[in-house]
Amino acid sequence: MPLEDHPLRYRLANELHARPFPNVAAPAQAIFLAIKQPRDAAKRDRALDRAHLLALLDRFGADHPAPDATHFFGDLGKFRLKWEQHTEFVTYTAFLPASGERAYDPAAWEAFPEDWLAKAPGVRITSAQIRIENAPATGQEIADRLADWMVPESLAVSHVLDDTAVIAGDFRIDSNGHMRFAVFCAADTDSRRIGRIVQRICEIETYKAMSMLGLPMAREISTRMGEMDASLAQLVDAMTGHLAKPAETLRELLSIAAELEKLQTESVFRFGATGAYEALVNQRIEVLREERFLGRQTFGEFMMRRYDPAMRTIKATERRLLSMSERAIRAGDLLRTQVDVDRSAQNQDLLASMDRRADMQLRLQKTVEGLSVVAISYYAVSLVVYLIAPLAEPLGVDKTLLTALAVLPVVAGVWLTVRSIRRSMEK
C-alpha cells in the first residue's frame, strides 16, 4: 500500500508472538531454572544475561538468537532449550526424554554444565523439575505415585483444562534443591496443550517466588514503622498542649517524615513488582480452569491458604507506610501553622510595644522641642540685643528694657519656625 508504516508497527505486532508455547509429548520431563541478577531492574545488565545464554549455545554448537531477542527456542541435541528474558530475571527450560523408572532423577540437571552454572550472572530465584506422564487408568494410581514423590501435607492436585490433564505440586524444595511438579496427561491431549500446561506451571512458580521477595522487606519496614509510630504519636500528643520548644518538635517531625519518604522510595519498586507478580500468579491459575481431584486442595486453594496471607501482609505494609507518611506531613503542617500563629502573636505584641515606644518618643520629642525653643530664643534674643544695642542710646531707651521688649517677638518667631519645620516633616 502507498502508505507509510509506523516505525514500531512490526515490532509491536511481533511482541504478541515473542514467547510461543513449547510442544511437549508425553512421557517427558522438563527442568526449569530462573536466575535473577542481585540488583534492581533499573541497574540490571541485560548484556550479561545474553552472554551467558550464548556461552551455553556455543557449547552445543547451536545458532544464536537475534541481537535484540528476548526469547529463544532451539534444539541442543540431547534436549530442547527455551530461554526467556524478563524485566528482573531470565529463565531456562530444558525439555528432555522421560527418565525411566526413577522419578525426579537429579541426573537430568546434567543438561546444564556445572562450570556454566557457576558463571551465571546472578542467583537462582527458583528451579523446578517437572515429570510429564500419560495418565494411568485410575485416579487412585495417580494419588499413590504422588504420595511417593511429594509431601502430602502441602500437596496440591487438580484436574485442568476440561479434565485433559492432572497437575500436582507440593511447592517444597527437595533434597536436590528443586521444586517438584507432575503432569498426568489424558491419552488424547495434544503436545501443544501439554506445552501450555508446563509453561503455566513454570510461570506460577516463578512469579510466586518473585512476588515473595517483597515479604522480607515488608517485615523489616513494619518493624521500623512500629518504632516511628510511637515517636510520631508522642509528638502529636504533645502538640495538643503547650509546646515549650516548637522548633525542636518540628525538626523531629520533619526527620520522621523524611525517613518515611526514604522507606517509600526504597520500597516502591519492590512492592509494585509484588503486586504485578501476584496478579500474574492468580491469572495463570485461573486460565488452568481447575477442578477438584479426589477431594485434594487445588492450586488456587493452596495459594489462598499459604500465599495470599503473605501478599496481604505486603499490601498492608504498603498502605500503612503511605498512611504514616501522610500523618507525618499533616502533623508537620499543623505544627508549622501553630508556630506561625505563635510568631504572629509575638509580632503583634512587638508592634504594640513599638507603638508605645513611638508615643513615648513623640512626647519626649515635644518636651525637647519646647526646651529647644527656649534655648534657641535665648541665643536669638542675645543676637537681637547685640544688633539693636547701638540704637538704644540715641532713642533714650535702657538696654535692659530693650532686651525685655525683644524677648516676646523672638520667642514667637522661634516657636512658629520650629512648628513649621515639624509640620513639613510630618507631611
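The values are calculated or read from the model by the stated rules, or taken from the named source; none is laboratory data. Computed from a predicted model, the values in this text were never measured in an experiment. Note: ideal-geometry Cβ built from the backbone for every residue, glycine included; neighbour counts use all protein chains shown.
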_Suppose we filter 21, 72, 60 for residues that are on the phi < 0 side of the Ramachandran plot, of a type outside the set (S, T, N, Q) and buried (at least 19 other Cβ atoms within 10 Å of the Cβ); which single one remains?_
72
*Applying the selection to the range 160-178, what residues are crowded, with 21+ Cβ neighbours inside 10 Å and either in contact with a helix residue (DSSP H, G or I) (Cβ under 7 Å, 6 or more places away or on another chain) or closer than 10 Å to residue 299 by Cα (or both)?*
160, 165, 166, 167, 168, 169, 170, 171
*Could you say whether any residue in the range 61-70 is touching a Gly at 6+ places or on another chain (Cβ under 7 Å) and free of Cβ contacts under 8 Å to residues at least 12 places away in the same chain?*
yes
_Return the residues of the range 195-254 that are small (Gly, Ala, Ser) and out of contact with any Phe, Trp or Tyr (no Cβ under 8 Å at 6 or more places or on another chain); say none if nothing qualifies._
209, 222, 226, 230, 231, 233, 238, 241, 244, 247
*Say we look at the range 85-98 and pick out the residues that are closer than 21 Å to residue 16 by Cβ and at pLDDT 95 or above; which of these is surrounded by the most Cβ atoms within 10 Å (Cβ to Cβ)?*
90
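Table: residues versus (1) part of a helix (DSSP H, G or I); (2) within 21 Å of the chain's Cα centre (by Cα); (3) aromatic (Phe, Trp, Tyr); (4) not assigned by TED's automatic domain parsing to the domain that holds residue 182.
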site: 269; (1), (2), (3), (4): yes, yes, yes, yes
site: 275; (1), (2), (3), (4): yes, yes, no, yes
site: 284; (1), (2), (3), (4): yes, no, no, yes
site: 295; (1), (2), (3), (4): no, no, no, yes
site: 315; (1), (2), (3), (4): yes, yes, no, yes
*Quick one: would you say residue 385 is more than 60 Å from the chain's Cα centre (by Cα), hydrophobic (A, V, I, L, M, F, W, C) and not in a helix (DSSP H, G or I)?*
no
*Within the set of pairs 6 or more residues apart or between chains, which connect a residue that is farther than 21 Å from residue 37 by Cα inside the range 85-102 to a residue that is part of a loop (DSSP other than H, G, I, E, B) and of a type outside the set (Asp, Glu) with Cβ atoms less than 7 Å apart?*
95/22; 95/24; 95/79; 96/79; 98/27
*Only one of these conditions is not met by residue 197: (1) of a type in the set (A, V, I, L, M); (2) in contact (Cβ under 8 Å) with a residue 40 or more places away in the chain; (3) loosely packed, with under 13 Cβ neighbours inside 10 Å. Which number is it?*
(3)
*Could you list, in sequence order, all residues of the range 82-99 that are closer than 28 Å to residue 269 by Cβ and of a type in the set (Ser, Thr, Tyr)?*
87, 91, 92, 93
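Report whether or not residue 209 is assigned by TED's automatic domain parsing to the domain that holds residue 89, of a type outside the set (Asp, Glu) and at pLDDT 90 or above.
So residue 209 fails the test.
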_Odd one out for residue 184 among (1) outside the structural domain of residue 288 (by TED's automatic domain parsing); (2) not in a strand (DSSP E or B)_ = (2)
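A quick yes/no check of all residues on (1) within 16 Å of residue 300 (Cβ to Cβ); (2) of a type in the set (Gly, Ala, Ser):
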residue: 126; (1), (2): no, no
residue: 135; (1), (2): no, yes
residue: 143; (1), (2): no, yes
residue: 158; (1), (2): yes, yes
*asked:* Quick test for you: out of 370, 332, 413, pick the one residue that is surrounded by 10 or more Cβ atoms within 10 Å (Cβ to Cβ) and in contact (Cβ under 8 Å) with a residue 40 or more places away in the chain.
replied: 332
*asked:* Name the residue that is surrounded by the fewest Cβ atoms within 10 Å (Cβ to Cβ), counting only residues in the range 34-57 that are among the aliphatic types (A, V, I, L, M) and within 28 Å of residue 266 (Cα to Cα).
replied: 42
*asked:* What's the number of the only condition in (1) touching a residue at least 60 places away in the same chain (Cβ under 8 Å); (2) of a type outside the set (Phe, Trp, Tyr); (3) not in a helix (DSSP H, G or I) that residue 172 fails to meet?
replied: (1)
*From the list 126, 138, which one is more than 20 Å from residue 25 (Cβ to Cβ), free of Cβ contacts under 8 Å to residues at least 40 places away in the same chain and among the polar types (S, T, N, Q)?*
138
*Members of the range 269-301 found to be basic (Lys, Arg) and within 23 Å of residue 138 (Cβ to Cβ), listed by number*: 289, 292, 296
